[in-house]
Amino acid sequence: MTVVTSPLAGRAIGLAAVPDPVFSGAMVGPGTAIDPVREPSEAVSPVDGVIVSMHPHAFVVVDAEGHGVLTHLGIDTVQLNGEGFELLVSKGDTVTRGQAVVRWDPAAVEAAGKSPICPVVALEATADSLSDVAETGEVATGDSLFGWN
């Protein structure tokens, strides 16, 4: 089983609470979402693996079992054209759980009129393949968000 840990500190709110129908309807995949602490921070890798997709506002890490985990920093943040995001790794890099991937400021995203809420999604998964999904409560960076069988 793959344990997916939180890339950020904040509050788990569950995908249904994400202000975007693609995520809230789990069209991208099941998972949860984090309402991040409003301070400059580093989003870290939620699993050990390889960065297969890297954008300023989102990244995907695929682990040794072939599980792809999407971390999306904020909603509609693609419209910021990378402003306020600093990439710390590159596509193709091997990363370890907890390694910093992107530096960003959720408060600046919010000030720019975007939601800083961060979906963390199990790509190409079914809802019943996830267990112990965190949908409420405070989470620290590195806390377990869900298990993926």
Problem - Matching option when the condition is within 17 Å of Pro116 (Cα to Cα) and modelled with pLDDT of 95 or more, among Pro46, Pro19 - result: Pro19
Practice task
Tell me, please, whether a residue that is among the polar types (S, T, N, Q), out of contact with any strand residue (DSSP E or B) (no Cβ under 8 Å at 6 or more places or on another chain) and either open to solvent by 10 Å² or more (accessible area, probe 1.4 Å) or modelled with pLDDT under 95 (or both) can be found in the stretch 80-90.
Solution key: yes
Completion exercise
Per the list (1) polar (S, T, N, Q); (2) over 24 Å from Arg38 (Cβ atoms); (3) surrounded by 20 or more Cβ atoms within 10 Å (Cβ to Cβ), residue check on Thr141 breaks on (2)
Practice task
Identify the single condition in (1) touching a helix residue (DSSP H, G or I) at 6+ places or on another chain (Cβ under 9 Å); (2) at negative phi; (3) open to solvent by 30 Å² or more (accessible area, probe 1.4 Å) that Leu73 does not satisfy, given that it satisfies every other one.
Solution key: (3)
Exercise for the section: Please specify each residue of the stretch 53-71 satisfying the condition of being under 14 Å from Thr5 (Cα atoms), touching a residue at least 24 places away in the same chain (Cβ under 8 Å) and assigned to a strand (DSSP E or B). Expected result: Val60, Val61, Gly68, Val69, Leu70, Thr71
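The values are calculated or read from the model by the stated rules, or taken from the named source; none is laboratory data. Here the structure is a predicted model, which is why all the values come from computation and not from measurement. Quick reminder, even Gly has a Cβ in these numbers, built from the backbone with ideal geometry, and neighbours come from all protein chains shown. Calculation scope for accessible area: heavy atoms of the full protein, side chains included, ligands and nucleic acids excluded. Shrake-Rupley method; radii C 1.70, N 1.55, O 1.52, S 1.80 Å.
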